[in-house]
């Protein structure tokens, strides 16, 4: 077990000198990493990381594309020793770090450290739920997939579904064979000793380097149910890569949410447990069906088209209050039936708790949002309407206060890095979003003669963008808010793609625009492969794009970053319009209103910085290496 980090230490000059030598000519890195070459920016970043680790300081580091930031933070972290937690934006990036970047750094340094990946519980097969899943699966294909999952769970030591090829990332089966914090039986589960989630947590607690993702990081801070909060106090160094995403991911988890999907899941567990432990004592089929219908009726009150609605928009919908009341009543009735037979199984007690939790959560939406106490972070409520389900959510406008409190708990090294972390050459936007200001307590004012705890570094990209890329700004398109704009963008993209010798990305700001542009491209380029978001899972689409010469891929927000196609695989990127967040989005509207009320500019202080960061990410897809080129 690793001890909790001690207090402040003397600067580790040996660490800085070692890093300096490793990132200079004649480095042993060259022998282990044939593609590696000396980069002044990478060296500067590694030295800044080494200094922050030695001083247990906070570092905000922007490293332009091509800097080699992953190696720049891995080398000093591994050389320093102690426990290191690395968090990145996605599970794909987690896997890349674990299977590619980290092993390469370990080999180059000869570092004998233990490493592991820790993901959220929804990534691991739940052996208990796997046994029950057959009750809810219909169709030959689904049953065949379920058998594959069962065989995989028997043969694989980790039970991580990402290792099972051919399984759709958003498959309904995933929900049936994995657990949530709601339905996990914990130590009462008959499969507790063999549980893949518990195995992963035990491995993480015994490892020197643990790779997690931002969703898991914040989910655990909010729910304390994923195993990360046990790790944080034992870490000497915490590295948060793709840190520009932290603020937006954080607000998703640092609030409260409830949804009809949770109710449907509960209804199925009530039916399965009732039939297993108390068959004949109640009409479990009718009880489960009534609960599922109540959830479905609440969803049907909302508009058919998916989208996001404010609390006011939801409460004004005809039938909303009645459907919400009926759902709460059905949850209360279900809890009463379970209580009457509670002695049948310990599982019933947990089901009753889930009923009570959901009843209270939905009940909160029958009353207006309570004004926040003075000094507290304001909350905003909204509803995410999906094709089949409805999720009600409240969240803080900012994670700044919560994150500043986390940083103040103990003296550790925190490294925040990304290719896009500054706006206009400064880090004010990032500092404010993460609570790294004296106002939030995340960083105290700098004292004369004392090295600041919160530091900054900007390293520009080594690529020659003026020579490697061209920018085209068409002058004859309709205005973005005029009819036919997306069709015109699609027609222009078709002309450019037809003349392009490599692959093409068309990045849009809305799903509706993506559909229109993809349709226009298919009509204009009948012989060209046009791939569209949601045709397949994101990994499958990206794999097809890489394997298909001169392919065209049309995607919205999730395709703006986290992709890497060197050379001729991607030589043209079309962006339909500047990626400003929609001002009618409840969270965006609340943030803008708060800034304006404080006498600040919502556009200059929020909308413009957010759009600038998103644009940098989208445009950054084009040039990924010194030999890349494009428009």
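Some points to look at:
Each row is one residue, and each column tells you yes or no for (1) out of contact with any strand residue (DSSP E or B) (no Cβ under 9 Å at 6 or more places or on another chain); (2) in a loop (DSSP other than H, G, I, E, B); (3) modelled with pLDDT of 95 or more.
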residue: 251; (1), (2), (3): no, no, no
residue: 304; (1), (2), (3): no, yes, no
residue: 317; (1), (2), (3): no, yes, no
residue: 327; (1), (2), (3): yes, no, yes
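- Among the conditions (1) on the phi > 0 side of the Ramachandran plot; (2) surrounded by 24 or more Cβ atoms within 10 Å (Cβ to Cβ), the only one that residue 56 does not satisfy is (2).
- Within the range 368-393, the set of residues being modelled with pLDDT of 90 or more and part of a strand (DSSP E or B) comprises 380, 381, 382, 383, 384, 385, 390, 391, 392, 393.
- Filter result for residue 229 (modelled with pLDDT of 90 or more and either in the same structural domain as residue 80 (by TED's automatic domain parsing) or in contact with a strand residue (DSSP E or B) (Cβ under 8 Å, 6 or more places away or on another chain) (or both)): no
- Evaluation of residue 48 against (1) under 26 Å from residue 429 (Cβ atoms); (2) in contact with a helix residue (DSSP H, G or I) (Cβ under 6 Å, 6 or more places away or on another chain); (3) part of a helix (DSSP H, G or I) (one fails), failing number: (2)
- Search result, residues across the range 394-421 that are under 20 Å from the mean Cα position of the chain (by Cα) and part of a loop (DSSP other than H, G, I, E, B): 397, 398, 399, 419, 420, 421
- Just so you know, in the range 157-169 the residues that are surrounded by 15 or more Cβ atoms within 10 Å (Cβ to Cβ) and without any contact (Cβ under 8 Å) to a residue 60 or more places away in the chain include one that is farthest from residue 99 (Cα to Cα), and it is 167.
- Yes/no for residue 455 being out of contact with any strand residue (DSSP E or B) (no Cβ under 7 Å at 6 or more places or on another chain) and either surrounded by fewer than 17 Cβ atoms within 10 Å (Cβ to Cβ) or at pLDDT 90 or above (or both): no
- Some residue of the range 342-357 being over 22 Å from residue 181 (Cβ atoms) and either crowded, with 20+ Cβ neighbours inside 10 Å or at pLDDT 90 or above (or both): no
This table checks each residue for (1) modelled with pLDDT of 90 or more; (2) assigned by TED's automatic domain parsing to the domain that holds residue 413; (3) closer than 20 Å to residue 326 by Cβ; (4) touching a strand residue (DSSP E or B) at 6+ places or on another chain (Cβ under 7 Å).
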{"position": "237", "(1), (2), (3), (4)": "yes, yes, no, yes"}
{"position": "266", "(1), (2), (3), (4)": "yes, no, yes, no"}
{"position": "270", "(1), (2), (3), (4)": "yes, no, yes, no"}
{"position": "274", "(1), (2), (3), (4)": "yes, no, no, yes"}
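- Across the range 68-98, the number of residues qualifying as at pLDDT below 90 and over 24 Å from residue 234 (Cβ atoms) comes to 3.
- Output for the range 184-210, where each listed residue is under 28 Å from residue 233 (Cβ atoms) and not in a helix (DSSP H, G or I): 184, 185, 189, 195, 206, 207, 208, 209, 210
- Residue in the range 601-620 that is part of a loop (DSSP other than H, G, I, E, B) and free of Cβ contacts under 8 Å to residues at least 40 places away in the same chain present: yes
- Filtered residue count, the range 389-421, keeping only those that are farther than 21 Å from residue 213 by Cβ, touching a helix residue (DSSP H, G or I) at 6+ places or on another chain (Cβ under 7 Å) and surrounded by fewer than 21 Cβ atoms within 10 Å (Cβ to Cβ): 3
- Some residue of the range 363-381 being in contact with a helix residue (DSSP H, G or I) (Cβ under 6 Å, 6 or more places away or on another chain) and more than 24 Å from residue 251 (Cβ to Cβ): no
The values are calculated or read from the model by the stated rules, or taken from the named source; none is laboratory data. Note that the structure is a prediction, hence the values are computed from the model and not measured. Because the Cβ atoms are built from the backbone with ideal geometry, glycine has one as well, and the counts that use them run over all protein chains shown.
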